[in-house]
Amino acid sequence: MKIYQRKGERSREHIILQASDIFNTYGYYITIDEIAKYTGINKSKISNHFSTKESLFIAIADFYIVEIQQYFESITISKEISWKDYVEILSEIMDIQFKYRNAIIFILTAPFKDEALSLHIIESFKGRKHQMIRLFEKLVEDNYLLESIFEEKNFKIFYHQHAVLGVHWLNTYLLFDFNKSYEEVKPTYLAGTISIYKPYLSAKGLAEFESLDLEALLIKK
């Protein structure tokens with residue numbers, strides 16, 4: 001019985017990962033029939049695990065939530081984080097988002113009927129927000145950001161900009177830059193996100209901000 005369950009879990013995970021690649025390649029309007037065709041997985045096998053395309057998207061989105069959470073938990077903030085270190089963190093977050101891009105767009109645009117899932121997504125967002133705030137606090141602590149970033153009026157605007165640029169760059173990519181490679185557009189999108197920090201950078205932070213070559217940093221990675 002346990003062996004059967006393990007096989008079922010492996011089968012389900014295989015479908016999720018394959019379908020995620022197909023959605024990323026062909027867009028989220030693709031049908032279950034087309035997923036079966038492009039992956040070579042029997043449609044009945046897909047339907048056995050996922051009765052609707054929405055349930056498949058939900059499963060992919062859940063993979064994203066788990067992976068991004070694990071990434072945040074892997075960040076060590078006990079030592080000093082340089083501005084370069086921090087930009088690399090933002091870059092790696094973008095890589096995870098790009099991996100699950102169509103599932104994220106689905107989350108942002110689809111009205112959920114599943115209340116439990118909606119609460120799960122909201123709680124996940126709150127957790128990531130708390131972890132991002134801890135990183136902002138660390139940058140203040142290490143004298144890269146000014147404390148004024150946490151003044152109520154400033155922080156509301158800053159975090160709104162951060163949330164929009166930090167996720168909705170995917171909309172821009174999928175709508176307007178889909179004919180360009182991710183590597184080609186990433187420096188611009190990353191620069192757009194970090195530019196919102198500029199009014200709150202200390203002299204030390206500004207010096208590192210202006211000396212950092214994003215394209216060279218990303219090529220190096």
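The values are calculated or read from the model by the stated rules, or taken from the named source; none is laboratory data. Bear in mind the structure is a predicted one, so any value in this text is a computation, not a measurement. Reconstructed Cβ throughout: ideal geometry from the backbone, glycine too, with neighbour counts over all protein chains shown. Just the protein is used for accessible areas: all its heavy atoms, side chains included, with ligands, DNA and RNA removed. Shrake-Rupley method; radii C 1.70, N 1.55, O 1.52, S 1.80 Å.
Ignoring ligands, DNA and RNA, what percent of the accessible area of segment 1-151 is carbon or sulfur (1.4 Å)?
The value for segment 1-151 is 53 percent carbon and sulfur by accessible area.
Under a point-charge model restricted to the Cβ atoms of Lys and Arg (+1) and Asp and Glu (-1), what is the dipole moment magnitude of the chain relative to its Cα centre, in debye to the nearest 20?
Charge dipole of the chain: 820 debye, to the nearest 20.
Which residues in segment 136-166 place their backbone N less than 19 Å from a point set 7 Å from the Cα of Glu208 along the Cα-to-Cβ direction?
136-150
At R0 = 25 Å, how high is the FRET efficiency between Arg134 and Leu174 if r is their beta carbon distance? Nearest 0.05 is fine.
The pair Arg134/Leu174 has a calculated efficiency of 0.25.
Run the simple label-point estimate for Ile77 and Ile96 please: 7 Å along Cα→C-beta, distance reported in nm.
Result: 1.4 nm between the two label points.
Note the direction-averaged projected area, equal to a quarter of the hull surface, for the Cα convex hull of segment 125-175, in nm².
Result: a mean projected hull area of 4.1 nm².
Let me know the Kirkwood hydrodynamic radius for segment 16-119, please, with Cα pairs as the basis and the value in Å to one decimal.
For segment 16-119, inverting the mean 1/r across all distinct Cα pairs yields 15.3 Å.
Give me the net charge of Phe72's neighbourhood, meaning all other residues with Cβ under 15 Å from the Cβ of Phe72; Lys, Arg count +1, Asp, Glu -1.
-3
Scan around Leu201 for amide H atoms under 5 Å from its own, H built in the peptide plane at 1.01 Å from N, and keep only partners 5 or more places away or cross-chain.
Leu146
From the residues Ile194, Ala103, Ala163, which one has its Cα farthest along the dipole of the chain in the positive direction, the dipole being from +1 and -1 charges on Cβ of Lys/Arg and Asp/Glu about the Cα centre?
Working it through, the farthest residue towards the positive pole turns out to be Ala103.
When the chain is fully extended, how far beyond the present Cα-Cα distance does Arg10 get from Gln69, taking 0.36 nm per residue of separation?
The Arg10-Gln69 span can extend by a further 19.1 nm.
What shape does the chain have by the C-alpha gyration tensor, where a ≥ b ≥ c are the square roots of the eigenvalues, rounded means a/c under 1.5, and otherwise prolate means a/b greater than b/c and oblate the rest?
prolate
Leaving out ligands and nucleic acids, and using a 1.4 Å probe, what accessible area per residue does segment 73-201 come to in Å²?
Accessible area per residue, segment 73-201: 53 Å².
What residue among Leu139, Asn154, Val87 has its Cα farthest toward the positive end of the dipole of segment 67-171, where the charges are +1 on Lys, Arg and -1 on Asp, Glu, each on the Cβ?
Of the candidates, Asn154 comes out farthest on the positive side.
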